[in-house]
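> The structure follows.
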Amino acid sequence: MREVLEPLIELRGICKSFGSNKILDGVDLKINLHQALSIIGPSGTGKSTILRIIAGLLEPDAGEVYVQGDRRERWLDDLADPIGIGMVFQNAALFDSLTVAENVGFFLYEHSDMPRSQIRELVEEKLEMVGLPGIGDRYPSELSGGMRKRVSFARAIMSNPDDPKSIPEVLLYDEPTAGLDPIASTVIEDLIRQLQASKGGCSTYIMVTHQDSTIRRTSDEVVFLYQGKVQWQGTITEIDTTENQMVRQFFSGSVSGPIQVID
């Protein structure tokens with residue numbers, strides 16, 4: 001009998017509201033090892049909220065999060081997950097007053113006793129992995145948008161080699177190609193797949209994106225979120241064959257269909 005592996009992360013009945021606005025309404029989701037999953041749907045439907053809940057940055061109003069089978073009991077600064085979860089924010093979220101090297105090594109500078117020379121070696125290793133060797137002394141303002149995105153990738157996969165729990169087993173990408181031109185987007189899409197396959201990268205990731213090429217080039221499976229609920233889940237190849245009218249409307253860009261157009 002084939003062994004059924006436990007999900008790395010599982011959401012059960014997740015609900016979240018901001019004031020009177022219900023964003024998530026009973027979301028169930030499983031993330032498995034080596035899975036490349038995109039969460040898609042119209043703007044304002046809670047996609048980034050799901051990422052922040054998975055990352056432990058936001059506590060749900062109701063529902064449960066399980067990480068490697070353990071129910072998460074603590075959140076935010078008190079987070080104690082059995083695996084590392086890294087996040088790449090939409091706007092890269094780099095510290096403008098710090099150099100690239102200081103940004104990438106920030107976690108180790110703040111949370112380890114590692115010698116600065118060793119941190120610098122690890123930083124350069126990560127920068128090489130994202131195709132940006134030798135730029136550690138630059139500041140974010142000196143970089144293009146695509147380069148800043150790649151620096152944020154290097155920071156997300158940074159870990160303390162003496163602390164296995166700090167090594168990210170899951171990466172969360174929030175709109176990684178937003179605001180980039182098609183060529184820069186292709187570079188980022190290729191990098192996401194390269195990091196999935198490389199040693200020291202991360203084989204499991206969840207991505208929020210609206211961009212058709214990013215969805216198709218970096219994802220194996222897709223979850224469609226609308227009105228706070230998972231409305232459809234399938235493989236990339238099933239996008240073009242599904243009879244789900246929401247998915248068909250979303251990818252065609254039509255204003256006619258079950259998805260309400262907000263002016």
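Taken together, the values in this text are just the output of simple stated rules run on the coordinates, not laboratory data. Small disclaimer: the values here were computed from a predicted structure and weren't measured. Heads up, the Cβs are rebuilt from the backbone with ideal geometry, glycines too, and the neighbour counts pull from every protein chain shown.
> Of all trypsin sites (Lys or Arg not before Pro) in region 186-255, which ones are in loop regions per DSSP and have a Cβ with at most 15 other Cβ atoms within 10 Å?
Values: sites: ARG193, LYS199, ARG216, ARG217, LYS229, ARG248; in loops: LYS199.
Passing sites in region 186-255 are LYS199.
> Could I ask something else about it? Quick one: angle between helix 145-156 and the longest Cα principal axis of the chain, in degrees between 0 and 90, rounded to 10, please.
Orientation of helix 145-156: about 80 degrees from the principal axis.
> Can you give me the Cα centroid spacing of region 216-261 and region 67-117 in angstrom?
If we compute the Cα centre of each part, the gap is 32 Å.
> List the equivalent ellipsoid semi-axes of region 207-248 in whole Å, largest first, each obtained as the square root of 5λ for an eigenvalue λ of the Cα gyration tensor. Kindly include the intermediate steps, with their values, before the conclusion.
Numbers: eigenvalues 50, 34, 15 Å².
Sorted largest first and rounded, they come to 16, 13, 9 Å.
> Quick check on the exposure proxy: order THR99, THR214 from fewest to most C-beta atoms within 10 angstrom. Write down the numbers at each step before the final one.
Numbers: THR99 18, THR214 24.
Fewest-to-most Cβ neighbours within 10 Å comes out as THR99, THR214.
> Defining a contact as two alpha carbons under 8 Å apart and six or more residues distant in sequence, what relative contact order in percent does the chain show?
Working: 477 pairs, mean separation 61.8, N = 263.
Result for the chain is 23 percent.
> Quick one: length gained pulling ARG74 to TYR109 fully straight, 0.36 nm per residue minus the C-alpha distance?
Details: separation 35, 0.36 × 35 = 12.60 nm, distance 2.45 nm.
Length difference between fully extended and current span is 10.2 nm.
> Around PRO176, what is the net charge, scoring Lys/Arg as +1 and Asp/Glu as -1 over all other residues with Cβ under 15 Å from its Cβ? Show your work: numbers first, answer last.
Numbers: positive: LYS47, ARG148, LYS149, ARG150, ARG155, ARG193, ARG216, ARG217; negative: ASP174, GLU175, ASP181, GLU189, ASP190, ASP212.
Net local charge, PRO176 excluded: +2.
> While we're here: Translational D (Stokes-Einstein, µm²/s) of region 65-165 at 20 °C and 1.002 mPa s when Rh comes from the Kirkwood sum over C-alpha pairs? Don't jump to the answer; show the numbers that get you there.
Values: Rh = 14.5 Å.
It comes out at roughly 148 µm²/s.
> Then there's this: Just the Cα atoms of region 9-252, one point each, no solvent: what log10 I(q)/I(0) does Debye give at q = 0.13 Å⁻¹?
Each listed q maps to, in turn, -0.81.
> If you average the sequence gap of Cα pairs under 8 Å that are 6 or more apart and divide by the length of region 133-263, what percent do you get for the contact order? Don't skip to the answer; put the middle values down first.
Numbers: 123 pairs, mean separation 20.8, N = 131.
Taking the mean separation of contacting Cα pairs over the length of region 133-263, I get 16 percent.
> State the number of lysine pairs found in region 124-263 whose Cα atoms come within less than 27 Å, restricting to pairs 8 or more positions apart or on distinct chains. All intermediate terms of the calculation are to be shown ahead of the outcome.
Values: LYS126/LYS149; LYS126/LYS165; LYS126/LYS199; LYS149/LYS165; LYS149/LYS199; LYS165/LYS199.
Here the count comes out as 6.
> What's the local net charge at LEU108, with K and R +1, D and E -1, over the other residues with C-beta under 15 Å away? Mind showing how you got there, number by number?
Working: positive: ARG116, ARG120, LYS126, ARG155, LYS165; negative: GLU102, GLU110, ASP113, GLU121, GLU124, GLU125, ASP162, ASP163.
For residues surrounding LEU108, the net value is -3.
> Evaluate the distance, in nm, between pseudo-label points positioned 7 Å from the Cα of ILE183 and of ARG116 along their respective Cα→Cβ axes.
In this crude spin-label approximation the distance works out to 3.8 nm.
> A follow-up question, please. Under the rule of -39500 (n - 2.57) per DSSP H run of 4 or more residues, summed and divided by the residues of the chain, what mean residue ellipticity at 222 nm is obtained, to the nearest 500 deg cm²/dmol?
Details: 8 runs with 77 residues, N = 263.
Result for the chain: -8500 deg cm²/dmol, rounded to the nearest 500.
> For region 112-204, rounded, prolate or oblate, judged on the Cα gyration tensor with a ≥ b ≥ c (square roots of eigenvalues), a/c < 1.5 rounded, else prolate if a/b > b/c? Don't skip to the answer; put the middle values down first.
Numbers: a/c = 2.19, a/b = 1.32, b/c = 1.66.
Since a/c reaches 1.5 but b/c is at least a/b, the shape of region 112-204 is classed as oblate.
> In addition: Going by C-beta contacts inside 10 Å, put GLU243, GLU102 in order with the fewest on the left. Present the calculation step by step, with values, prior to reporting the outcome.
Details: GLU243 7, GLU102 18.
With the fewest neighbours first, GLU243, GLU102 line up as GLU243, GLU102.
> For a quick check: sort SER112, SER198 by the number of other beta carbons within 10 angstrom, fewest at the front.
The order, fewest Cβ neighbours first, is SER198, SER112.
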